[in-house]
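Shown next, in structure tokens, is the structure this report addresses.
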């Protein structure tokens, strides 16, 4: 009597046409294949590269976890936020990353916070330099956001910027910026919570900010 996995394999092969079978593979090969559950047990389950925020992709293991992650993203995606590029300098080279998770924290003293992924190479540079500049992107800077969310080697190629008084890259064309020193870093799940003390700040030339809502860029207009 065939096992449950063999029966499942035969049911699957019945729906396969000759055109679907690679050359050299027997038409009844599926009857000897292990079950999907057994394959997943060897591979560690099903995996999905899950897009969370601009520049942030997380590997989610298992169908139940993937469903929960999608529900979490869909609900939290109802909350619109601005889009920033956080920059620093490492060894004389400008470094930056797109970051949607940014907020003001305190007025006295003036504190802000952002949350990079623990795997962020840009944050490794920020942590080493202990300084950063948060650039608030304007409505026409979606390409800037995409560039700094990418894995490009030179994200500053074609991007106009000027150094702040502390030497941090301040991007041109933004709605505003804050220049900070790192005050505290806390672990927060798969992210870090970075508290920065604002040392300098200013408004940019642009009027309308770039927003992110329901997985898409938006504008305030």
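The values are calculated or read from the model by the stated rules, or taken from the named source; none is laboratory data. Everything quoted here is computed from the prediction, not taken from an experiment. All Cβ positions, glycine included, derive from the backbone under ideal geometry; neighbour counts span all protein chains shown.
Annotations for the structure displayed:
- Residue, nearest to the chain's Cα centre (by Cα), within the stretch 149-170, restricted to residues that are closer than 15 Å to residue 136 by Cα and surrounded by 19 or more Cβ atoms within 10 Å (Cβ to Cβ): 149
- Residues in the stretch 76-100 that are modelled with pLDDT of 85 or more, out of contact with any strand residue (DSSP E or B) (no Cβ under 6 Å at 6 or more places or on another chain) and either surrounded by 15 or more Cβ atoms within 10 Å (Cβ to Cβ) or farther than 14 Å from residue 155 by Cβ (or both): 89, 91, 92.
- The set of residues from the stretch 173-212 being over 21 Å from residue 107 (Cα atoms) and surrounded by 15 or more Cβ atoms within 10 Å (Cβ to Cβ) comprises 173, 174, 191, 192, 206, 209, 210, 211, 212.
- Residue tally, condition without any contact (Cβ under 8 Å) to a residue 24 or more places away in the chain and buried (at least 23 other Cβ atoms within 10 Å of the Cβ), over the stretch 130-148: 0
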